[in-house]
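Just so it is clear, none of the values below were taken in a lab; they were calculated from the coordinates. Predicted model, so just to flag it, every value in this text is computed and none were measured. For neighbour counting, all protein chains shown are included, and Cβ atoms are generated from backbone atoms with ideal geometry for every residue, glycine included.
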Amino acid sequence: MEEIWNGIKGSTRIIIKIITETVHRLVINIFDTLFGFLNWPEKKLRIKIVILQDPQAIPIVSPADLDTAIKYAKRSFKKNFNTRLLPYRSRQPFAEVLQRKAPYEVLYTKGSISALWEEFAITGSFFASNLSGLFYPVTAFVVLDIDHASGCSLGPLTDYVTLDPDGAKSDSTLAHEIAHACGLWHLTSKSNLLWRTSGRGDEVKWWQKNIFRSSRHVTYW
Ligand SMILES: [Zn+2]
C-alpha cells in the first residue's frame with residue numbers, strides 16, 4: 001500500500017513541477033526566456049544544503065567541507081548568469097546536518113535514469129518531505145553514495161539535487177547539479193560548466209543564460 005501511495009505522490013509532484021516550470025518559462029520569466037543572455041537585472045537563487053547522517057548517526061561530511069563548492073557556485077552564477085546565490089533563509093548558513101534518520105535507499109541512491117524511478121518510491125518521498133520550500137529554492141542532499149556518479153539531478157522535474165562526499169568536496173559539482181535543476185543539460189565542450197565529469201571549466205553559452213535565468217528557481221525577489 002505504501003508503495004502505491006509513494007508512486008501516486010511522486011507522479012503528482014512531477015506533474016506539478018512540469019506545469020510550474022512551463023508557466024515560469026512562458027509567462028512569469030518570459031523576458032529571460034527570450035533575452036536572458038543580456039544578463040540583467042540581477043536575479044537570485046536560494047539553496048539549502050542538507051547533509052544526511054550515516055547509519056551510525058555521524059554526518060556524512062561537515063558543513064565546512066562544502067565551503068569550496070559554495071564559493072565556486074557563487075562566483076560562477078554571478079559571473080555567468082548575473083545571479084546571486086543565497087542561503088534559503090537569510091543570515092543562516094548554506095549547509096546544515098539533518099537530524100532525522102535517512103533510510104538505506106536514500107543514503108545509497110541511484111544515478112541518472114534510475115534516479116527517476118526512485119522519485120516514485122521511498123527515496124522521492126523522503127527528499128520531498130525534507131525540502132527547504134515550495135518551487136523556488138533548490139535543496140542539495142549529501143548522501144553516502146550515488147551509483148557511478150558524484151552528483152545527480154533530475155533537472156526541472158524535482159526541487160533537489162544529490163551529492164556524494166566526493167561531489168560535496170569538489171569545486172564545481174554543486175554548481176553543475178544546480179545548473180541541471182535550472183534546466184541545463186550536458187554539453188560536449190570540456191570548458192563548459194555542463195561538461196559531464198569533473199575537470200570541467202565554468203564557461204557557459206549565451207542560450208544557456210536564457211534557460212538558467214528563466215528557471216522557476218531563479219527569481220527577482
Ligand atoms: Zn551532469
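Only Lys, Arg, Asp and Glu carry charge here, each on its Cβ (+1 for the first two, -1 for the last two); on that basis region 39-83 has a dipole of about 440 debye about its Cα centre. The protection proxy used here, the mean number of other Cβ atoms lying within 10 Å of each residue, ranks peptides 17-23, 159-165 as follows, highest first: 159-165, 17-23. In plain terms, the chain from LEU98 to TRP207 could stretch by 35.6 nm, reckoned as 0.36 nm per residue minus the Cα-Cα distance.
In terms of overall dimensions, the C-alpha atoms belonging to the chain reach 48, 37, 35 Å along their principal axes, ordered largest to smallest. Coupling constants for region 191-196 follow from the phi torsions by the Karplus curve (6.51 cos²θ - 1.76 cosθ + 1.60, θ = phi - 60°), and in residue order they are 7, 8, 4, 9, 5, 4 Hz; glycine and proline get x.
The Cβ shell under 14 Å around ILE49 holds other residues with a net charge of 0, Lys and Arg each +1, Asp and Glu each -1. Phi angles across region 38-47 convert, under the Karplus curve 6.51 cos²θ - 1.76 cosθ + 1.60 with θ = phi - 60°, into 3J(HN,Hα) values of 5, 6, 8, x, 4, 10, 10, 9, 9, 9 Hz, Gly and Pro given as x.
Taking every DSSP beta bridge that has both residues in the chain, what percent is antiparallel when rounded to the nearest 5? Walk me through the intermediate numbers first.
Working: 7 of 27 bridges.
Antiparallel bridges: around 25 percent, rounded to the nearest 5.
Mean projected area of the convex hull spanned by the Cα atoms of region 176-221, taken over all viewing directions: 3.2 nm².
Note on ASP147 and ILE18: the model spin-label points, each 7 Å out from Cα along the C-beta direction, lie 2.3 nm apart.
Descending by average beta-carbon neighbour count within 10 Å, the peptides 149-157, 187-195 line up as 149-157, 187-195, the highest first.
Computed from the Cβ-Cβ distance with R0 of 25 Å, the FRET efficiency linking GLU2 to GLN56 stands at 0.45.
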